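See below for the structure under consideration.
The values are calculated or read from the model by the stated rules, or taken from the named source; none is laboratory data. No experiment lies behind these values; they were computed from the predicted model shown. Every residue, glycine as well, gets a Cβ built from its backbone with ideal geometry; the counts of neighbours run over all protein chains shown.
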Amino acid sequence: MKHRLGLIILGCAAALALVGCDDMGDLTTDSKTVEAAGAEAVEMNVKMGAGELRVSGGAQALMEAEFTHRTRRQPPEVEYRVAGSKGFLSVGQHRHGGVFIGSSRNEWDIRLNSQIPADLKINLGAGESTLDLAEVDLRSLTVDMGVGEMKLDLRGKHERNLDVSIDGGVGSGKIYLPREVGVRVRVDGGIGSVDAHEFNKNGHVYTNEAYGKSPVTIDISIDAGIGSIDLRLD
């Protein structure tokens, strides 16, 4: 019996060696600042495999970010270029092929300039995200929630119409919306539940009292998987 157990342990060890088993190392934080370099608007793509993402406004530069991770995990790659008056910014992380031992803590804190109009695309894998975009001058927003929980704050001043597209994935989303701005939310797909008690419902469409009356409109399309959506008015 002991001999057989020893063989099993050796076999498991060999299998782990083949796929690559690494200690994730110590915790570290990398800072990254991106200047606008003359851009008057920006198209930004954020792609995060797994971890905790926070996005907010208030940056002096185009982007100011801190990435907290283990030393054996590479920080996300940040790429930026300007074409004409528009900037193109991407933040993404490649997967590691090995098997890690220990906590795989991965936290991104991204702050965007509040004065530069932004088309924002966020692709989430697994984890939690807090998207506090009340101070960001959004022109459009696309979010792939992945697996986990998302808090999205779209309150604040809106001087133009805003189109928002959300792929619900597997998880839950809580969306904070302004009461004085017209809001229309269309929910498609096999969603678990929608909590929108202050909204008027017509089939799969939810609208607030300001819809059709305010000069601008927030139009949200949610293609939800298994999970729940909570719509809250300020």
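So in region 184-211, with the set limited to residues that are touching a Gly at 6+ places or on another chain (Cβ under 6 Å) and at pLDDT 90 or above, which one is farthest from Thr142 (Cα to Cα)?
Ala210
Scan Glu135, Glu66 and give me the residue that is in contact with a strand residue (DSSP E or B) (Cβ under 9 Å, 6 or more places away or on another chain), in the same structural domain as Met48 (by TED's automatic domain parsing) and at pLDDT 95 or above.
Glu66
For the list (1) closer than 17 Å to Asp30 by Cα; (2) modelled with pLDDT under 95, I need the number of the one condition that Ser103 fails.
Every condition holds for Ser103 apart from (1).
Of the residues that make up region 72-83, is at least one surrounded by 16 or more Cβ atoms within 10 Å (Cβ to Cβ), modelled with pLDDT under 95, assigned to a strand (DSSP E or B) and not assigned by TED's automatic domain parsing to the domain that holds Gly169?
Among the residues of region 72-83, not one is surrounded by 16 or more Cβ atoms within 10 Å (Cβ to Cβ), modelled with pLDDT under 95, assigned to a strand (DSSP E or B) and not assigned by TED's automatic domain parsing to the domain that holds Gly169, which makes the answer no.
Show the residue pairs that are 6+ apart or on different chains and have beta-carbon atoms under 6 Å apart, the first residue being within region 66-86 and among the acidic types (Asp, Glu), the second being surrounded by 16 or more Cβ atoms within 10 Å (Cβ to Cβ) and part of a strand (DSSP E or B).
Glu66/Asp109; Glu79/Ser90
For region 168-208, which positions are free of Cβ contacts under 8 Å to residues at least 12 places away in the same chain and outside any strand (DSSP E or B)?
Passing the criteria: His197, Gly203.
For Val170, work out the one condition from (1) in contact with an Asp or Glu (Cβ under 7 Å, 6 or more places away or on another chain); (2) hydrophobic (A, V, I, L, M, F, W, C); (3) within 21 Å of Leu131 (Cα to Cα) it doesn't fulfil.
(1)
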